[in-house]
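One structure is given here, and the rest of the page talks about it.
The values are calculated or read from the model by the stated rules, or taken from the named source; none is laboratory data. Bear in mind that the values here come from a model prediction, so they are computed numbers and not experimental data. All Cβ positions, glycine included, derive from the backbone under ideal geometry; neighbour counts span all protein chains shown.
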Amino acid sequence: MQELLLRHKQVLFFIIAGGLSAIVEIGSFKIFSTSLPQIFSQEQNFHGVHYPLSNIFSTSCGILSNYFLSIWFVFERGKHSKRREFAYFMGVSFISTILSLFFFQIFYSFIFKDNIDLIFYTLSPEMISKIAAILLVSILNYSVKKKVIFNG
């Protein structure tokens with residue numbers, strides 16, 4: 001078991017860093033999605049787009065936390081300068097954000113309609129949609145970040 005963990009240490013650390021970043025993203029989404037509609041009344045449905053600012057702001061929080069966790073714990077520095085590495089990371093993250101927003105809209109509009117009661121906490125359709133979008137996009141993120149950005 002220990003040998004398997006050592007061989008897949010980077011994937012394990014990516015999962016941990018991704019999990020922590022997802023907690024930041026989901027937590028900030030919860031904060032934004034409950035507070036922003038009080039300020040911006042169309043936040044819940046802006047021309048058919050549900051929670052656009054909450055998604056963008058929370059995804060940005062998740063991206064920044066993921067960047068720092070990735071360079072500290074997951075990947076070794078690649079052949080790129082720190083500036084170029086950060087620019088590539090943000091470029092990939094921008095595309096990931098667009099994909100995440102797209103998947104969130106699909107999940108929220110068509111798939112997740114009911115709350116899920118976990119006994120100690122109830123997940124709303126918007127939270128379930130956000131979690132599902134994060135999980136789907138994280139697979140793409142690992143592959144691209146490993147092969148393109150931190151390719152040593």
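Laid out as a table, the results:
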{"item": "Looking only at the range 105-126, and only at residues there that are buried (at least 19 other Cβ atoms within 10 Å of the Cβ) and modelled with pLDDT of 90 or more, the one that is nearest to I31 (Cα to Cα)", "result": "Y108"}
{"item": "Any hit, the range 56-67, residues being free of Cβ contacts under 8 Å to residues at least 40 places away in the same chain, under 24 Å from I111 (Cβ atoms) and among the aromatic types (F, W, Y)", "result": "yes"}
{"item": "Positions within the range 52-93 being in contact with a Lys or Arg (Cβ under 9 Å, 6 or more places away or on another chain) and charged (D, E, K, R), in sequence order", "result": "E85"}
{"item": "Helices (runs of 4 or more DSSP H) wholly inside the range 5-113 containing at least 2 residues that are outside the structural domain of Y142 (by the TED database)", "result": "9-39, 52-69"}
{"item": "Close pairs from the range 77-106: first over 27 Å from P125 (Cα atoms), partner among the β-branched types (V, I, T) and at pLDDT 85 or above, Cβ under 9 Å, at least 6 apart", "result": "F89/I63; M90/I63"}
